[in-house]
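Everything on this sheet refers to the single structure shown next.
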Amino acid sequence: MKIKNNVIYTAIVLSTLSGHSFAQVENKPGLTASLEANLAYDDNIFRVVDELAESDSFIRAIPEVNFVTALGKHRVILGYQGDYAKFSDVDSADYDDHILNAQIQFDHSLRFSTLVGATYQDLHIDPGSLDRIELGVTEYDQFNRTKFEIGGSYGSAGSIGRLIGLYEYSDTNYTNNNLDFLDNEASQLSLQFFLKIAPSTSVYLSTSFQDSDYNALDGFTEIDNTYIRYVSGISWSISNLIDLDLSIGYQERDYDNETFLDIDGLAYSGEVSWQLTEHTVIEASALREAQDSTTADVGGFLRTEFTTYINHELSSLVTLKAGLLFGQDDVFFANTDGAIREDDRLAYELAVDYKLRNNLTVGAGYTHQERTSDVSIAEFDDNLIELTVKYDFEY
């Protein structure tokens with residue numbers, strides 16, 4: 001679904017770190033590949049105010065390849081995701097995105113496992129997905145990022161207790177639109193402890209510490225900062241019908257430069273999947289997290305977001321989909337006692353998929369996005385219509 005994919009995509013852009021989990025040990029050895037092609041029309045390709053909006057049609061190709069192989073008890077995971085877009089009239093909006101990742105998971109014993117991994121990303125930023133306002137933009141902001149990770153887990157998924165630790169390092173470089181001031185290096189250490197209190201229920205404590213070091217440029221105020229997050233949560237499967245993961249706690253983003261307002265307070269996240277009927281699944285998610293701003297001389301912003309998705313199998317061949325997103329961004333500028341800009345975000349989607357074969361699906365969808373703000377130049381309204389063909393290769 002478009003909205004769900006955009007939420008995941010935005011999380012990739014916002015987070016300098018990967019957030020891999022040891023759940024990946026469930027991947028089965030083998031090769032999987034797919035290719036999706038889209039024909040789309042967008043009436044505001046740069047997500048700007050109505051007076052400056054440009055419309056265009058474009059085609060996209062989205063390949064994905066994943067390979068998992070077993071080396072004794074250990075696993076090697078390789079993956080590639082691409083996204084290539086060609087616009088009919090506005091050639092400067094063309095982009096080609098790439099994500100390459102590799103990970104080795106070592107199974108040392110029944111209770112102890114480790115992993116090492118690396119990821120390379122070369123991506124554009126979907127306008128309007130962050131707090132940045134760019135009225136005169138002629139091409140999408142682009143960056144590349146290299147990430148490395150090393151982690152360990154004591155205890156298995158079936159253990160009463162399990163401890164997971166993960167260290168991640170990233171190096172991010174922006175490549176156009178004079179965004180060098182956003183170049184940064186970041187390190188993060190995360191610890192999680194899970195306690196199984198019932199066969200299908202676990203509670204957990206999680207903490208993470210991140211240190212971000214931004215590029216020092218004349219004329220720009222550095223936004224070097226540290227971020228700490230403490231949460232407790234529950235993971236619960238109810239009668240094989242409802243799966244939920246909810247966490248709540250405290251967060252603090254502390255900026256080295258005292259002209260920027262630190263952001264602290266409540267933090268939460270949650271995901272729920274409900275098998276309402278044999279043919280209908282409802283998913284919902286929530287998030288409250290402090291993020292670094294992508295606007296010059298702005299410290300950070302607090303993002304609150306709620307999403308809902310519905311998949312309904314009308315028949316064995318036809319699936320109806322709907323999605324809804326509500327969000328709010330509070331943007332904190334320097335030398336203020338609070339947010340000086342409040343953005344409200346709304347998006348909804350309707351789509352239908354038709355399965356021509358087990359591995360060939362065609363679809364059509366409509367997505368609406370809008371941002372309203374107490375700063376008028378931050379507002380936009382966008383409508384997207386897509387026709388889609390997806391082919392899953394069989395091996």
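Between Asn358 and Ile59, what is the FRET efficiency for a Förster distance of 30 Å, r being their Cβ-Cβ separation, to the nearest 0.05?
For Asn358 and Ile59, the calculated efficiency is 0.75.
Please work out the Cα convex hull volume for segment 82-181 and give it in Å³ per residue. Write down the numbers at each step before the final one.
Working: hull volume 14.2 nm³, N = 100.
Cα convex hull per residue, to the nearest whole number: 142 Å³.
Under unit Cβ charges (Lys, Arg +1; Asp, Glu -1), what dipole magnitude, rounded to 20 debye, does segment 2-393 have relative to its Cα centre?
Computed charge dipole of segment 2-393: roughly 2680 debye.
Within segment 251-314, report the GluC sites (Glu not before Pro) that DSSP leaves as loop and that have at most 12 other Cβ atoms within 10 Å.
Filter output for segment 251-314: Glu258, Glu278.
For the chain, just the Cα set please: Rg and Dmax, both in angstrom.
21.5, 63
Rounded to the nearest 500, what is the 222 nm mean residue ellipticity of the chain from helices alone, with -39500 (n - 2.57) per DSSP H run of 4+ residues and division by all residues?
Dividing the helical sum by the residues of the chain leaves -1000 deg cm²/dmol.
Please tell me the relative contact order of the chain in percent, rounded to the nearest whole number, where contacts are Cα pairs under 8 Å and at least six residues apart.
13 percent
So what are the ³J(HN,Hα) numbers for segment 100-116, from phi and the Karplus equation (6.51, -1.76, 1.60; θ = phi - 60°), rounded to whole Hz, Gly and Pro as x?
10, 9, 9, 8, 10, 10, 9, 9, 7, 7, 4, 10, 10, 9, 9, 8, 9
Using the 10 angstrom Cβ neighbour count as an exposure proxy, how do Leu350, Leu302 rank, fewest first?
Arranged by neighbour count, lowest to highest, Leu350, Leu302 become Leu350, Leu302.
Mind checking which of Ser208, Val389, Asn240 is farthest towards the positive end of the chain's charge dipole, using Cβ charges of +1 (Lys, Arg) and -1 (Asp, Glu) about the Cα centre?
Asn240
Rule-based calculations on the coordinates, nothing more; no lab input. Only a predicted model underlies this, so the values are computations on that prediction, with no experimental measurement involved. Glycine gets a Cβ as well: all are built from the backbone with ideal geometry, and neighbour counts include every protein chain shown.
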